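Undergrad: Next up is a structure, given as structure tokens.
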């Protein structure tokens, strides 16, 4: 599962991507750090940020190890990164490292400005996070002040507007929502509300017939299906498969969850498949062992409150928890 999160500066995409990655147990990459690190490499050597040759060389030598996130934050680095990111050759040089991170076994969460359009065009879901410039400027100002930087709202707003224009007008990979992306406006949302909205988007994508975004060992797409059928008015059956391993969960649409209904997770696939390989049995046993059995276990596994579960949908959270368990159990 690859989750692509794009959006302009200070829209909240990095925080959202981090929270989604933590929830699903997936690795997270803030791709903007790669451009900041490229700019930092030039600045440390006293090179001109507008020097294409130096910028390309720095980008080609970039790795994911040793990125000092603290030193790469701040208003100065954000502006510097925007300059080098506008160079087509720099963006091209950093494509492979981002795709290598995204198409690892089990998937990942990436945030940036061209994840859904260039880096992972087959990602599902694609979330484009946005907010009005004024709201983003207020957020960035608070962030910078928390880091000890002295700044004012007018200057930060001007930076936001300038970066938006530069990102949207560059010739290669301009900032834009993918055609199949879902736009999430966070202008009036805090981090928790944005996460709950994004979680619903992820689960909506999970209900589609197939995820054609994982790569096999030979680099060819491999499909995994996560589908659902309604078995009665009070229950919804979810069938998950990954790499040839299948499991099923029956979700009550009303009332409390109980052990007999959730026991279907492990037993249904055993009955259908007969004899299984050791790895298949291990995975199904793992799922059955860690599956939530009641409301309390859903709350603990999803790291939510009872109120949040009731406000959104118990079934949505249960799907999310089960997907997290399913992916973890299928990992080598």
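Undergrad: Can you sort 34, 157, 175 from fewest to most other Cβ atoms within 10 Å of each residue's own Cβ? Present the calculation step by step, with values, prior to reporting the outcome.
TA: On the way: 34 27, 157 17, 175 22.
Ordered from fewest to most neighbouring Cβ atoms within 10 Å, 34, 157, 175 come out as 157, 175, 34.
Undergrad: Using the C-alpha atoms of the stretch 123-198, what convex hull volume per residue, in cubic angstrom, is computed?
TA: Working: hull volume 8.8 nm³, N = 76.
Convex hull of Cα atoms, per residue: 116 Å³.
Undergrad: Let me ask you something else. Given labels modelled 7 Å from the Cα in the Cβ direction, how far is it in nm from residue 183 to residue 161?
TA: 2.1 nm
Undergrad: On a full-extension model of 0.36 nm per residue, what is the gain between residue 73 and residue 47, subtracting their alpha-carbon distance, rounded to one decimal in nm? Don't skip to the end; give the middle numbers.
TA: Working: separation 26, 0.36 × 26 = 9.36 nm, distance 1.95 nm.
Between residue 73 and residue 47, full extension yields 7.4 nm more.
Undergrad: How do 159, 180 line up, fewest other C-beta atoms within 10 Å first?
TA: Values: 159 19, 180 13.
Least to most surrounded, the residues fall as 180, 159.
Undergrad: Mind listing the Cα extents of the stretch 2-204 along all three principal axes, in Å, largest one first?
TA: Computed over the stretch 2-204, the largest-to-smallest principal extents equal 47, 41, 30 Å.
Undergrad: If you don't mind, there's one more thing I want to ask. Quick one: 114, 44, fewest Cβ neighbours within 10 Å first, how do they rank?
TA: Working: 114 24, 44 9.
Listing 114, 44 from fewest to most nearby Cβ atoms yields 44, 114.
Undergrad: Here's something else I'd like to know. How big is D for the stretch 63-163, in µm² s⁻¹ as a whole number, if Stokes-Einstein is applied with the Kirkwood radius of its Cα pairs at 25 °C and 0.890 mPa s?
TA: Values: Rh = 15.7 Å.
The calculation lands on 157 µm²/s.
Undergrad: From largest to smallest, what semi-axes in whole angstrom does the stretch 1-122 give when each is the square root of 5 times an eigenvalue of its alpha carbon gyration tensor?
TA: Values: eigenvalues 116, 45, 32 Å².
After scaling each eigenvalue by five and taking roots: 24, 15, 13 Å.
Read the figures in this text as sums done on the coordinates, not as results from a lab. It should be emphasised that the depicted structure is a prediction, and the values quoted were computed from it without experimental measurement. Cβ coordinates were reconstructed from backbone atoms using ideal geometry, including for glycine residues, and neighbour counts include every protein chain displayed.
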